[in-house]
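Only one structure is covered here, and it is reproduced in the block below.
What follows draws every value from the coordinates through simple rules; no lab data is involved. Quantities reported herein were computed from a predicted structural model and do not represent experimental measurements.
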Amino acid sequence: MKNWLNPGLWFTLLLIALLGIWPILGQNAAAREVIFTVLLSVVFASSLNILLGYTGYVSFGHIVFYGLGGYIGMFLIERYNVS
């Protein structure tokens with residue numbers, strides 16, 4: 001219960017919430033894209049940390065889905081002009 005009283009925890013949660021809301025409310029497209037990419041990398045790193053850190057399993061599933069998403073996204077942009 002004492003962990004919820006830690007001011008560092010509240011500051012971190014507030015910072016994550018602000019970074020999550022900023023891409024939605026921001027007007028600058030470049031900043032929005034950078035923040036979205038950073039948040040996506042944070043989610044990817046956190047899930048990989050849970051899988052490798054706590055379970056000890058080596059999984060290539062995360063990397064395969066991340067790579068397939070990049071390749072499919074580039075294919076859609078190049079062939080069908082989908083942004």
In the chain, which helices (entire DSSP H runs) extend 18 Å or more along their own long axis, judged by Cα positions, while averaging at least 1.6 on the Kyte-Doolittle scale?
7-25
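Using Cα pairs under 8 angstrom and six or more residues apart, how large is the relative contact order of the chain, in percent?
Working: 23 pairs, mean separation 9.9, N = 83.
Normalised by residue count, the contact order of the chain is 12 percent.
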Among [x] 17.9, 60; [y] 17.0, 54; [z] 16.4, 53, the entry derived from the coordinates for Rg and Dmax of the Cα atoms in Å
[y]
Mean-position separation - Cα centroids, segment 15-32 and segment 38-81, in angstrom:
21
So what's the back-of-envelope 222 nm ellipticity for the chain, counting only DSSP H runs of four-plus at -39500 (n - 2.57) apiece and dividing by all residues, rounded to 500?
-25000 deg cm²/dmol
